1. Name the single residue that is farthest from the ligand (Cβ to nearest atom) among those in segment 70-87 being of a type in the set (A, V, I, L, M, F, W, C) and assigned to a strand (DSSP E or B).
2. How about segment 217-241: which of its residues are of a type in the set (Lys, Arg) and either touching a Pro at 6+ places or on another chain (Cβ under 6 Å) or free of Cβ contacts under 8 Å to residues at least 12 places away in the same chain (or both)?
3. Collect the residues in segment 381-415 that are within 20 Å of the chain's Cα centre (by Cα), under 15 Å from Lys27 (Cβ atoms) and not aromatic (Phe, Trp, Tyr), keeping them in residue-number order.
4. State whether one or more residues within segment 243-263 are at pLDDT below 95, open to solvent by 50 Å² or more (accessible area, probe 1.4 Å) and within 15 Å of the ligand (Cβ to nearest atom).
5. Could you say whether any residue in segment 206-220 is at pLDDT 95 or above, charged (D, E, K, R), within 16 Å of the ligand (Cβ to nearest atom) and open to solvent by 10 Å² or more (accessible area, probe 1.4 Å)?
6. Filter segment 221-242 down to residues that are under 24 Å from the mean Cα position of the chain (by Cα) and away from the ligand (no atom under 16 Å from the Cβ) and give me whichever is least open to solvent (accessible area, probe 1.4 Å).
7. What are the pairs with Cβ atoms under 8 angstrom where one residue, in segment 299-310, is farther than 12 Å from Asn284 by Cβ and part of a loop (DSSP other than H, G, I, E, B) and the other, located anywhere, is within 14 Å of the ligand (Cβ to nearest atom) and among the basic types (Lys, Arg)? Sequence gap at least six, or different chains.
Amino acid sequence: MADEPKETLNPFEVAQRQIDRVGKRLKLDPGVLEILKHPKRELTVNFPVRMDDGSIRVYTGYRVQYNDALGPFKGGIRYHWNVSLDEVRALSCWMTWKCSVMGIPYGGAKGGVICNPKTMSKGENERMTRRYASAISIIIGPEKDIPAPDVYTDGQTMAWIMDTISMQMGYAVPGVVTGKPIAIGGSLGRDEATSRGLMYATREAASRLGVKLRGATVAVQGYGNVGHHYARLMAAEQGSKIVAVSDSTGGIYSPDGFDPVKVLAFKEKTGSVQGYPGTKKITNEALLELDVGILAPCALENQITSANAGRIKAKIVAEGANGPTTPEADDILYKRGVTVLPDILANGGGVTVSYFEWVQNLQEFFWTKEEVDSKLEFHMVKAFKSVWETHAKEKIDMRQAAYMVAIARVVEAYKVRGIYP
Ligand code: NAD
């Protein structure tokens, strides 16, 4: 079975194929299936930004609001030169299922601007962000649609959006975005939430599969926000042994393990994990195929494909990244007995704590880090349990089970709400 070339793998077609597959299993009404395969609202904005040299550039941005059967729209904003309407549609669709499977009262959305933030000054980035926020302000708001950071956007971006919307309204509107700095209403624990949730998902899977996490070997692809917190938490809270990590420049490996916190400090000083004392260099491809207990892809999409799925040796693949495994690879891994913890469940801790941030903003009452962590654990364990039970009952992989749980909940919302008018 040949892998479809990545360039022609239209993400929205993949998302629609996934809905069709689960729709058949759930024996969905064809009309309801059609609703689920279409975004509710799509906004394209072209807006001018004054650059540092005085020239004017027109940027194109999108906000796609996929489905709000369960509650207000929720989803990140991506700044990338490859942003396209179909990519934003697919990401907004996946957000719908992620919120649903996590049991949080949100629909799914996503935004993006076609730009290269790496070549922009901070001032240019701020002006572009504020103008984009202003352009999409007609459809976002704490009760309508709540953006968050994604690739190449961060807490600072969210602070500019929050300020822009607050200026337009004439009063502070912290609940319009999540992933904000603590100083303006961000939540404690948000920075590590995705990784902490991933650790809970790994723990739940390991206990059901009879895998001991104490001393278990772990390889992590991608040493950014998700990857480094996951490595740190798995070592500190589960007693696992981190034997390999990587970033865009390549990876490191030591069968004896190493201290993930020291590796992060080394990367911050030198710009790369490679060269860390006592480890040998390894490629990103080789890292995926190491003989380890747990493999956590925490970087990019399409990393595990039909080309390498047959050589993955880990017992558990914990998807910190969105879309790291292709549908073809999923089938191969399932047949080989590798348990894949699918992205919409495994990395759902991030959006769960974003939800907590929004709740705290609306209540104007803030929780301790311990409260955030214990509520996150409750949500992750509950979501994991419902997916695991469906996977065992239906004899399907965890991804299909997660989609079944998520889609069934959205369909139930349509049933009780009815079709307007
Ligand atoms: P990040 O930018 O902080 O880190 C990404 C890491 O991947 C960096 O270390 C980078 O060097 C590395 N990388 C880039 N190209 C690589 C390559 N070719 N091979 C190996 N490593 C490479 O991003 P992040 O926030 O950690 O997000 C990582 C993934 O997790 C993305 O897929 C993102 O959509 C997903 N995710 C993030 C969150 C969150 O809360 N941050 C939540 C859910 C999902």
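1. Initial filter on segment 70-87 (of a type in the set (A, V, I, L, M, F, W, C)): 70, 73, 77, 81, 83, 85.
Adding the requirement that they be assigned to a strand (DSSP E or B) leaves 73, 77.
Details: Phe73: 17, Ile77: 12 Å.
Selected residue: Phe73.
2. Initial filter on segment 217-241 (of a type in the set (Lys, Arg)): 232, 241.
Answer for segment 217-241, where residues must be of a type in the set (Lys, Arg) and either touching a Pro at 6+ places or on another chain (Cβ under 6 Å) or free of Cβ contacts under 8 Å to residues at least 12 places away in the same chain (or both): just Arg232.
3. The answer is Gln400, Met404, Ile407.
4. Yes - at least one qualifying residue is present in segment 243-263.
5. Within segment 206-220 (the criterion being at pLDDT 95 or above, charged (D, E, K, R), within 16 Å of the ligand (Cβ to nearest atom) and open to solvent by 10 Å² or more (accessible area, probe 1.4 Å)), the answer is no, since none of the residues qualifies.
6. Ser240
7. Correct list of pairs: Asn302/Lys6.
Rundown of residues vs (1) assigned to a helix (DSSP H, G or I); (2) open to solvent by 30 Å² or more (accessible area, probe 1.4 Å), yes/no style:
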position	(1), (2)
Lys110	no, no
Val113	no, no
Glu124	yes, no
Met128	yes, no
Arg131	yes, yes
Ile139	no, no
Pro147	no, no
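The values are calculated or read from the model by the stated rules, or taken from the named source; none is laboratory data. Keep in mind that this is a model prediction, so the values were computed, not measured. Glycine gets a Cβ as well: all are built from the backbone with ideal geometry, and neighbour counts include every protein chain shown. The accessibility values were calculated without ligands, DNA or RNA, using every heavy atom of the protein model including side chains. Shrake-Rupley method; radii C 1.70, N 1.55, O 1.52, S 1.80 Å.
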